[in-house]
Amino acid sequence: MRMSQMFAPTLREVPSEADIPSHQLMLRAGMVRKTVSGVYSYLHLGCRVVRKVEKIVREEMDRQGAQEVLMPAIQSADIWRETGRWDDYGSEMFRLKDRNGREMCLGPTHEEIITVTVRDEIRSYRQLPKILYQIQTKYRDEIRPRFGVMRSREFIMKDAYSFDRDNEGLDRSYEKMYEAYCRVFSRCGVDYRVVEADAGAIGGSQNHEFMVVSEVGEDALVFCDACGYAANVERAESAKPAERVADTEKVRTGIRKISTPGMRTIEEVTGYLKVEPRVLLKTLVYVADGTPVAAIVRGDRDLNEAKLKRVLGCRELELATPEVIERVSGAPVGFTGPVGLRERIKIVADWEATVVEDAVVGANAVDAHLVGAEYGVDYTADIVADIRNVVAGDACPRCGAELCGARGVEVGHLFKLGTKYSSALGAKYLDEGGVEHPIIMGCYGIGITRTVASVIEEHHDDDGIIWPMSVAPYQAVVMPLNTSESAQVEAAERIYSELCKHGVEAVMDDRDERPGVKFKDADLIGFPIRVIVGPKHLGDGEVEVSMRRDGTVELVKIENVAVRVKEIVDRELAALMPE
Ligand code: ATP
Ligand code: MG
C-alpha cells in the first residue's frame, strides 16, 4: 500500500467531541468517522484492525471446535415475544415494522433466533454438543452512546452459543470458550482480568466477564492478590462479618429518642451527633413487585440493588416514592428506621449492619432519631444477607486479605444460560431412551470493535498509537525522507518490494512531504516498525530500522532489511501467542 493512495485522512488537532485517548486517536489516525451519534464508518486502517481482531477470534473459536454461522440482523418480534423479551428489552432495542405492519427488530443479540434455528433442526442427543458462533453487526439504542466505538449503537460482536445435553456438557463448552477468550485477549496484546459478574437481564447462573484494566472503564472491579478472587463490584460478595460477642462488662446506655430537627442526611445526623457514618444505619424503602420492603445498610455503605433483587427473588425493584415511605413508616423521608417497622413491612438487613453496636437509626417520627439501637434487642429483620456494594479495602470473601480496586472495560462475557431459552422456545432433544429434555445452553460474546478501542487505550503515547504486532493495520512503513532524491527513492522502492515479497504487511510513504510530516503520521498511525531511508547512512548502503514502541534504532544493510524486518515481525507475533 502506498501512503499517497491510502484513504487514511489524519488529523493534527484533537477532536473536541472525543474525551478518551482511544476515541481521539481513532479519529486522528483516520481509522473511523462518525456518521450519527454512536454510529461509525471504518475507513481503511480501522477496517484492517477490525479484520485482524476478527481473524484472531475466528482462529480461536475454530480451534475449540466451534462452527461459524451468520444470522440476520433483522428479526421477527414473534420469537422475542415467546421469551418475553420483546417487552423486557425496553428502549435499547431498535424496533421497526415491515410494509405489512409486522413488527421486527434489529438484533441487539441472538439468543432467540439461534435457539429457534437449533430447535427446528436438532432432535437427538446424537446431534449434541454443538457450539455455533458468528461475527456480526449488533444494534443497541444505548441511552448514552459514548467513547466512540467503545459504546456505540451499531457494533461488531462475536457471539457464540453452546448446546449440550446436560450440565457437565455445558461445563465443558464453557471451559472451551473460557480458554478461547484467554487466548484471544493475550494475542490482541491486552492486559485482561477475568471477573465474576452479575447475570443481569440475560439470566442464567454462572458467568464471567473479561475486563481490560483501564482508567476509562465503566465497571468497577475488585480483586485479591492473595488468592486470585476477582469480581465486578456489581456482583462481588462481601465477607461475612464475625459473630458479635456480647461484651458483658459494657454498661449499655439503652435505646433513646433524640431530636434531630430537619436532619435527613447521613452527614447532617452524624455531624450533629459527632459519630462516624458507620454507626448510623440507612433504612431504604423499596417497592419490590408492588410490595414495599425496607433494606438496611451501614451509613458508609452503598446498597447493591442487584443483590437485593436476588435476595428478594423479585422481578421489579424501585425506590419507594416519598408518599409510600410516609405511609409505611409514619414519617417523612429521612427519618425511617427499623425499630417497629417489621410489623408493617418486610425488612432485609445487610449482615454487616446487624453487628453495629449502639446504632443510630431513624425514629419513624418527624425530626427524630434513635441512638443505642441493637440488632436482636430493639429490632430484627426477616432476612439477613449480603446486600451492599463491596469496595477496595474490604476483606476478600474467600481468604480475608485486603481487596484491591481497579476500573475495567468489559470486552467479553461468558454466561451459563441453562434452559432459560430452550424451555421458553421448546428446543429439546431425545435421549437414548426416547425421553425428551430441554437443551442446556451457554452464550459467549466478544465486542470486536470495543476490543479495538481497548487495545489503543492500553497502547498509546502522546504522539499516537503503539500497535501490538498482532493487530497493527500494517506491520511496517518505509520512509524515504526526501522523495526528490532518486537514490533514496530507489532504495526505498527496493526495500518496499522485498518486504512485500517476504510477506510483511508494509506501507510505502511515497508522499512528497517534509520528514516531520511523515514521522508525525507514522507515530500517530502507529506502524510497529519504521524503515527510514535517509542521506546519513545511504552512502554506506544502510538504513535505519526503528521500533515505534521504544524508539530503538538499528542500522541494517539494504539487502538485509526484508529478512530482518520479517524476523522482528515473527518474533513479536510469537511472543503474543500463548503456548
Ligand atoms: P455493557 O455492560 O458494557 O453494556 P453488555 O453486558 O450489554 O455490556 P453483552 O450483551 O454481554 O454486553 O455483549 C457482549 C459484548 O459486546 C460485551 O462484552 C462488549 O464487549 C460488547 N458490547 C456490548 N455493548 C456494546 C456497545 N454498545 N458498543 C460496543 N460494544 C459493545
Ligand atoms: Mg449493555
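Here are a few things to note about the model shown:
- Scanning region 110-137 for residues that are free of Cβ contacts under 8 Å to residues at least 60 places away in the same chain and hydroxyl-bearing (Ser, Thr, Tyr) yields a single hit, Thr117.
- In region 75-103, the residues that are over 19 Å from Tyr421 (Cα atoms) and in contact with a strand residue (DSSP E or B) (Cβ under 8 Å, 6 or more places away or on another chain): Phe94, Arg95, Leu96, Lys97, Asp98, Arg102, Glu103
- Close pairs (8 angstrom Cβ cut-off, 6 or more residues apart or separate chains): on the phi > 0 side of the Ramachandran plot and touching a residue at least 40 places away in the same chain (Cβ under 8 Å) in region 67-86, open to solvent by less than 80 Å² (accessible area, probe 1.4 Å) and of a type in the set (A, V, I, L, M, F, W, C) anywhere: Gly84/Ala424
- Scan of region 278-298 for residues that are under 16 Å from Thr336 (Cα atoms) and not in a strand (DSSP E or B), ordered by number: Val279
- Checked against (1) hydrophobic (A, V, I, L, M, F, W, C); (2) open to solvent by less than 30 Å² (accessible area, probe 1.4 Å); (3) farther than 26 Å from Thr117 by Cβ, Ile439 passes all but a single condition, namely (3).
- Selected residue (only one of Cys404, Cys500, Cys399 is farther than 25 Å from Glu60 by Cβ and without any contact (Cβ under 8 Å) to a residue 24 or more places away in the chain): Cys500
- Number of the exception - Ser454 against (1) open to solvent by less than 10 Å² (accessible area, probe 1.4 Å); (2) on the phi > 0 side of the Ramachandran plot: (2)
- Residues that are among the small types (Gly, Ala, Ser) and either open to solvent by 50 Å² or more (accessible area, probe 1.4 Å) or near ligand 1 (Cβ under 9 Å from one of its atoms) (or both), drawn from region 139-158: Ser152
- Exactly one residue out of Thr483, Thr449 is of a type outside the set (Gly, Ala, Ser) and within 41 Å of the chain's Cα centre (by Cα): that is Thr449.
- Lone qualifier among Ile558, Ile495 - being more than 23 Å from Arg28 (Cα to Cα) and in contact with a Lys or Arg (Cβ under 8 Å, 6 or more places away or on another chain): Ile558
- Members of region 78-116 that are within 16 Å of ligand 2 (Cβ to nearest atom) and farther than 25 Å from Gly426 by Cα: Ser91, Glu92, Phe94
- When the residues of region 159-183 are filtered to those that are under 16 Å from the mean Cα position of the chain (by Cα) and more than 16 Å from ligand 2 (Cβ to nearest atom), the one that is most open to solvent (accessible area, probe 1.4 Å) is Tyr178.
- A search for C-beta distances below 6 Å between a residue of region 1-25 that is exposed (fewer than 14 other Cβ atoms within 10 Å of the Cβ) and any residue that is of a type in the set (Lys, Arg), counting only pairs 6+ apart in sequence or on different chains, returns Ser4/Arg511; Leu11/Arg28.
- Some residue of region 171-183 being in contact (Cβ under 8 Å) with a residue 12 or more places away in the chain and within 13 Å of ligand 1 (Cβ to nearest atom): yes
- The residue of region 117-138 that is farthest from ligand 2 (Cβ to nearest atom), among those that are touching a helix residue (DSSP H, G or I) at 6+ places or on another chain (Cβ under 9 Å) and in a strand (DSSP E or B), is Lys130.
- Residue match in region 125-138 (condition: crowded, with 18+ Cβ neighbours inside 10 Å, near ligand 1 (Cβ under 10 Å from one of its atoms) and at pLDDT 95 or above): yes
- Flag for Val360 being touching a Ser or Thr at 6+ places or on another chain (Cβ under 8 Å) and buried (at least 22 other Cβ atoms within 10 Å of the Cβ): yes
- Filtered by the rule that a residue be free of Cβ contacts under 8 Å to residues at least 40 places away in the same chain and polar (S, T, N, Q), region 315-353 gives a lone residue, Thr321.
- Here the strands (runs of 3 or more DSSP E) wholly within region 431-526 that include at least 3 residues being in contact with a Phe, Trp or Tyr (Cβ under 9 Å, 6 or more places away or on another chain) and under 29 Å from Thr137 (Cα atoms) are 440-447.
- Only residues that are at positive phi and either away from ligand 1 (no atom under 16 Å from the Cβ) or touching a residue at least 12 places away in the same chain (Cβ under 8 Å) (or both) were counted in region 87-108, giving 1.
The values are calculated or read from the model by the stated rules, or taken from the named source; none is laboratory data. Source: prediction; values computed, not measured. Cβ coordinates were reconstructed from backbone atoms using ideal geometry, including for glycine residues, and neighbour counts include every protein chain displayed. Please note that ligands, DNA and RNA were not included when accessible areas were found on the heavy atoms of the full protein model with its side chains. Shrake-Rupley method; radii C 1.70, N 1.55, O 1.52, S 1.80 Å.
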